[in-house]
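Before any comments, here is the structure.
The values are calculated or read from the model by the stated rules, or taken from the named source; none is laboratory data. Note that the structure is predicted; figures quoted are calculated from it, not measured. Methodologically, a virtual Cβ is constructed for each residue, glycine included, from the backbone with ideal geometry; neighbour enumeration extends over all protein chains shown. The area values use the complete protein model at the heavy-atom level, side chains included, leaving out ligands, DNA and RNA. Shrake-Rupley method; radii C 1.70, N 1.55, O 1.52, S 1.80 Å.
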Amino acid sequence: MTDLDQMRDNLLAAVEASGGLDALDTVRVGALGKQGSITALLKTLGAMSPEQRLVEGPRIQGLREAVTTAIAERKAALDRADLDARLARETLDMTLPADGIGAGSVHPVSQVMDELAEIFADLGFAVATGPEIEDDWHNFTALNIPETHPARAMHDTFYFPAQPEASTAGAGQSPSSDGELGSPRAALDSSRMLLRTHTSPVQIRAMKAAGGDKPIRIIAPGRTYRSDSDATHTPMFHQVEGLVIDKGITLGHLKWTLETFLKAFFERDDIVLRLRPSYFPFTEPSAEVDVGFSLVNGKRVIGGSDGWMEVLGSGMVHRTVIEAGGYDPDEWQGFAFGCGIDRLAMLKYGMDDLRAFFDGDIRWLKHYGFAALDVPTLSGGVGA
Ligand code: DAH
């Protein structure tokens, strides 16, 4: 056995014998490190004659490769053993009782969204969604709110920086970081991205997706954003949109649907609605809907007609909007409505400060939250 063979056997045995990553690294440094035995051998190549180098070169390189491979394999084996040991050490007994850990609760907003889905499913409505990062066209233009429309200013929109001039990028692309907030050129760009100010753009998306030739019945609950903050406004809030597109739809269908919805939601038959003529760019005619309340010990309780509370906006979908959605307005009509979910939750479950909804205070959640298995059903009373 030559010296090299002997060295190989010794090193491979040392690699195999190392019982941990530290020991293995000591072997590695001893062989392949700057002062290592193999490194020293490699250095001798320079002083050899070409003939000798031709013979010794491949042998020394072969030794180096064999030791390197053995170290890598041993390292992988040690890593695996280490992981197995950790998995065995850190096992979790999933059968342990959860007592004392403190179960979470369902946020009232989630609860109300579930209630809405349940009530409207019973009326044949599907749940639709749209992106929270929306483009200007879907959020405004397609909803008959052109660039110069004052309603845009009323929405206190969070815009993303404008796309760079040279870019041909359209809607759906990620916003760039240059450009100025609110610059006039950017305001005229209908591919400009923004945080949707209402759930109404889902109307357009639902119509586009349906292809212009099928009836639609959807609700679209979700997050919406406006630069506004006080006791009754938070920069992020929740709305639900409703849209029906079909042939021969009238204001009567709208009124019946809203009445049925609100009676089921507030779980009372004595709900009185008042439709007040109003204006929204995307509906014509438009109506704001108030529900009557009665005063019980000085507190407002939904039902009766001692006073009125505005709960939603609605109307017959404007021709221009039906057209923007790819439908022929001479054939198809529809109604739409939009409603603040947080406000519905406050009215039904009696909270009076909207900001507490989003503070994440565990005491508030314990008090106002719902048990996770409390799934709303119509038969059980939706909020049961
Ligand atoms: N998008 C309106 C808002 O955020 C609410 C609204 C009003 C939605 C009337 C509608 C509607 O669909 O028909 O203020």
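Ala336 versus (1) within 25 Å of the chain's Cα centre (by Cα); (2) within 16 Å of the ligand (Cβ to nearest atom); (3) open to solvent by 50 Å² or more (accessible area, probe 1.4 Å): which is the lone unmet condition?
Every condition holds for Ala336 apart from (3).
Taking the range 339-357 as the region of interest, how many residues are open to solvent by 20 Å² or more (accessible area, probe 1.4 Å), small (Gly, Ala, Ser) and touching a residue at least 60 places away in the same chain (Cβ under 8 Å)?
Selection size over the range 339-357: 1.
Can you tell me which residues in the range 112-162 are assigned to a strand (DSSP E or B), at pLDDT 95 or above and not acidic (Asp, Glu)?
Matches in the range 112-162: Ala126, Val127, Ile133.
Output the number of residues of the range 81-111 satisfying the condition of being open to solvent by 80 Å² or more (accessible area, probe 1.4 Å) and modelled with pLDDT of 95 or more. So that I can check it myself, show each step before the final result.
Applying the first criterion (open to solvent by 80 Å² or more (accessible area, probe 1.4 Å)) to the range 81-111 yields 82-84, 86-87, 89-97, 99-101, 103.
Checking the rest, the ones that are also modelled with pLDDT of 95 or more come to none.
Residues in the range 81-111 being open to solvent by 80 Å² or more (accessible area, probe 1.4 Å) and modelled with pLDDT of 95 or more: 0 in total.
Before we move on, is Val202 in a strand (DSSP E or B) and touching a Ser or Thr at 6+ places or on another chain (Cβ under 8 Å)?
Working: in a strand (DSSP E or B): no; touching a Ser or Thr at 6+ places or on another chain (Cβ under 8 Å): yes.
For Val202, the condition - in a strand (DSSP E or B) and touching a Ser or Thr at 6+ places or on another chain (Cβ under 8 Å) - is not met.
If a residue must be under 18 Å from Ala142 (Cβ atoms) and open to solvent by less than 10 Å² (accessible area, probe 1.4 Å), how many such residues does the range 287-316 contain? If you could, list the steps in order and put the result at the bottom.
To start, the set of residues in the range 287-316 that are under 18 Å from Ala142 (Cβ atoms) comprises 313, 315-316.
Those left that are additionally open to solvent by less than 10 Å² (accessible area, probe 1.4 Å): 315.
Of the residues in the range 287-316, 1 are under 18 Å from Ala142 (Cβ atoms) and open to solvent by less than 10 Å² (accessible area, probe 1.4 Å).
Residues checked against (1) assigned to a helix (DSSP H, G or I); (2) within 16 Å of the ligand (Cβ to nearest atom); (3) closer than 27 Å to Thr377 by Cβ; (4) in contact with a helix residue (DSSP H, G or I) (Cβ under 6 Å, 6 or more places away or on another chain):
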position	(1), (2), (3), (4)
Thr224	no, yes, no, no
Arg268	no, no, yes, no
Pro277	no, yes, no, no
Pro285	no, yes, no, no
Glu288	no, yes, no, no
Leu295	no, no, no, no
Gly315	no, yes, no, no
Ile322	yes, yes, no, no
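If you go through the range 324-342, how many residues are touching a helix residue (DSSP H, G or I) at 6+ places or on another chain (Cβ under 8 Å) and within 30 Å of Pro376 (Cα to Cα)?
The total comes to 6.
Mind checking which residues of the range 237-266 are more than 14 Å from the ligand (Cβ to nearest atom) and surrounded by fewer than 18 Cβ atoms within 10 Å (Cβ to Cβ)? Break it down stepwise before answering.
Here is the first cut: in the range 237-266, the residues more than 14 Å from the ligand (Cβ to nearest atom) are 246-248, 250, 252, 256, 259-260, 262-266.
Asp246, Lys247, Gly248, Thr250, Gly252, Trp256, Glu259, Thr260, Lys263 - these are the residues of the range 237-266 that are more than 14 Å from the ligand (Cβ to nearest atom) and surrounded by fewer than 18 Cβ atoms within 10 Å (Cβ to Cβ).
For Asp230, are the conditions met, namely being more than 14 Å from the ligand (Cβ to nearest atom), in contact with a helix residue (DSSP H, G or I) (Cβ under 7 Å, 6 or more places away or on another chain) and either at pLDDT 95 or above or not polar (S, T, N, Q) (or both)? Step through it out loud before you land on a result.
Numbers: more than 14 Å from the ligand (Cβ to nearest atom): yes; in contact with a helix residue (DSSP H, G or I) (Cβ under 7 Å, 6 or more places away or on another chain): no; either at pLDDT 95 or above or not polar (S, T, N, Q) (or both): yes.
It is false that Asp230 is more than 14 Å from the ligand (Cβ to nearest atom), in contact with a helix residue (DSSP H, G or I) (Cβ under 7 Å, 6 or more places away or on another chain) and either at pLDDT 95 or above or not polar (S, T, N, Q) (or both).
For the range 112-126, which residues satisfy the criterion of being in contact with a strand residue (DSSP E or B) (Cβ under 6 Å, 6 or more places away or on another chain) and open to solvent by 40 Å² or more (accessible area, probe 1.4 Å)?
Step one: filter the range 112-126 for residues in contact with a strand residue (DSSP E or B) (Cβ under 6 Å, 6 or more places away or on another chain), giving 113, 116-117, 120, 124-126.
The answer is Met113, Gly124, Ala126.
Give the range 20-65 a look and list any residue that's in contact (Cβ under 8 Å) with a residue 24 or more places away in the chain and in contact with a Lys or Arg (Cβ under 6 Å, 6 or more places away or on another chain), or say none.
Hits for the range 20-65 are Leu24, Ile38, Leu63.
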